[in-house]
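Data block below; observations after.
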Amino acid sequence: MKTIILNGSPRKNWNTAMMLKAAQEGAASVGAETEYIDLFDLSYTGCRSCLLCKRKGAERCKCFWKDDLSPVIDRIFAADALIIGSPIYLGDITSQVHGLMERLHFCSLSYDDYASYFTGKVNVGLVFTMNAPKPFFDARYRADCEALAGTFGFLNGAVEICESCDTLQVSDYSKFSMAGFDEAHKKAQREQQFPKDLERAFQMGARLSAQK
Ligand SMILES: Cc1cc2nc3c(=O)[nH]c(=O)nc-3n(C[C@H](O)[C@H](O)[C@H](O)COP(=O)(O)O)c2cc1C
C-alpha cells in the first residue's frame with residue numbers, strides 16, 4: 001500500500017501539517033509506504049487548458065504540462081490512498097489545493113461521455129483546519145466540504161473528511177491585532193480538543209491505507 005499525503009497549507013509545522021503528520025503515522029501504522037509533500041514547495045499552477053490530455057490517442061490519466069505537479073499526479077494515480085490537507089481560506093480550500101484538483105480531475109475526465117478514465121482505486125482523505133468553531137463548521141462549511149469530497153468519486157475509492165475547528169492560529173495572540181479571538185479559549189482548544197482531532201486524523205490515515 002502506498003499513501004501520498006499533500007499539505008495544502010503554506011505553513012509546514014502548523015495545524016494542517018500536524019493533522020497530516022498524524023494521518024501519515026496512521027498510514028504507516030498499518031504498514032503503508034508513505035510520501036509527504038508540501039504543495040507550497042512545488043512550482044505549479046492550475047490547469048493551463050493545453051488539452052493535451054484530451055488528444056485522440058493520448059495516454060489517459062496523465063497531465064502533460066511540464067512542471068513540478070505532473071510527476072506527483074502520476075504518483076497519485078499509482079497510489080492506494082491520498083490524503084490532502086487544507087486550511088480553510090475565505091470559506092474555501094487554498095488555491096494550491098484547488099490547482100491540484102483541477103489538474104488531477106481534468107486529466108482523468110472523458111470529454112466523450114464525462115466518465116472517469118481512471119479504472120484503478122485510490123482512497124481519499126480530506127483534512128480541513130479552520131478558525132471557525134465546530135457549530136459554524138457544521139452550519140456553514142460542512143456541506144461544501146462534503147460536496148468537495150464527493151468530487152473525488154472519480155478515484156473509485158472510499159472518501160472521508162476529517163476537520164479540526166477553532167484552531168490556534170498563532171502562538172502569542174498578544175503580538176497581533178487579533179482581538180476577535182479569545183487566546184485563553186484558543187489555547188484550551190489546542191490542549192483539549194486538538195489531540196482528539198489528531199487521533200481522528202491518525203485513525204483516518206490508518207483506515208484509508210488498510211482498505212484495498
Ligand atoms: C488568508 C486566510 C484566510 C482564512 N480564512 C478563513 C475562513 O474563511 N474561515 C476560517 O474558519 N478560518 C480562516 N482562516 C484561518 C485558518 O483556516 C486557520 O488558522 C487554519 O487552521 C490555518 O491552518 P495552518 O495552521 O495549517 O496554517 C484563514 C486564514 C488565512 C491566512
The lone exception for Cys63 - which of (1) buried (at least 23 other Cβ atoms within 10 Å of the Cβ); (2) within 12 Å of the chain's Cα centre (by Cα) it fails: (2)
Test result for Met101, of a type outside the set (Phe, Trp, Tyr) and crowded, with 23+ Cβ neighbours inside 10 Å: no
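Of the residues Leu104, Leu126, Leu90, which is over 17 Å from Ala201 (Cβ atoms) and under 13 Å from the mean Cα position of the chain (by Cα)?
The match here is Leu104.
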Pairs, first β-branched (Val, Ile, Thr) and open to solvent by less than 10 Å² (accessible area, probe 1.4 Å) in the stretch 79-95, second near the ligand (Cβ under 10 Å from one of its atoms) and assigned to a loop (DSSP other than H, G, I, E, B), C-beta under 7 Å, six or more apart: Ile84/Gly8; Thr94/Gly8; Thr94/Ser9
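Residue-by-condition table, conditions (1) outside any helix (DSSP H, G or I); (2) touching a Leu at 6+ places or on another chain (Cβ under 9 Å); (3) within 15 Å of the ligand (Cβ to nearest atom); (4) at pLDDT below 95:
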| residue | (1), (2), (3), (4) |
| --- | --- |
| Glu146 | no, no, no, no |
| Ser171 | yes, no, yes, no |
| Ala179 | yes, no, no, no |
| Lys212 | yes, no, no, yes |
Residue match in the stretch 176-194 (condition: within 19 Å of Ala81 (Cβ to Cβ) and acidic (Asp, Glu)): no
Residue that is nearest to the ligand (Cβ to nearest atom), among those in the stretch 151-169 that are in contact with a helix residue (DSSP H, G or I) (Cβ under 6 Å, 6 or more places away or on another chain) and part of a loop (DSSP other than H, G, I, E, B): Thr167
Complete set of residues in the stretch 1-40 that are of a type outside the set (A, V, I, L, M), more than 9 Å from the ligand (Cβ to nearest atom) and over 15 Å from the mean Cα position of the chain (by Cα): Lys2, Glu25, Gly26, Ser29, Gly31, Glu33
Matching strands (runs of 3 or more DSSP E) fully within the stretch 21-129 where at least 3 residues are at pLDDT 95 or above and out of contact with any helix residue (DSSP H, G or I) (no Cβ under 8 Å at 6 or more places or on another chain): none
Check on Met130, in contact with a Phe, Trp or Tyr (Cβ under 7 Å, 6 or more places away or on another chain) and touching a residue at least 12 places away in the same chain (Cβ under 8 Å): yes
Pick from the stretch 171-212, criterion touching a residue at least 60 places away in the same chain (Cβ under 8 Å) and among the acidic types (Asp, Glu), ranking: surrounded by the fewest Cβ atoms within 10 Å (Cβ to Cβ): Glu199
Of the criteria (1) outside any helix (DSSP H, G or I); (2) out of contact with any helix residue (DSSP H, G or I) (no Cβ under 8 Å at 6 or more places or on another chain), which one Ala184 fails: (1)
Which listed residue, of Met18, Met1, is out of contact with any Leu (no Cβ under 9 Å at 6 or more places or on another chain) and touching a residue at least 24 places away in the same chain (Cβ under 8 Å): Met1
Flag for Asp197 being closer than 20 Å to Asp138 by Cβ, in a loop (DSSP other than H, G, I, E, B) and either within 15 Å of the chain's Cα centre (by Cα) or acidic (Asp, Glu) (or both): no
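The values are calculated or read from the model by the stated rules, or taken from the named source; none is laboratory data. Just so you know, these numbers come straight off a predicted model, no measurement behind them. Here Cβ is always computed from backbone atoms with ideal geometry, including for glycine, and neighbour counts include all displayed protein chains. The accessibility values were calculated without ligands, DNA or RNA, using every heavy atom of the protein model including side chains. Shrake-Rupley method; radii C 1.70, N 1.55, O 1.52, S 1.80 Å.
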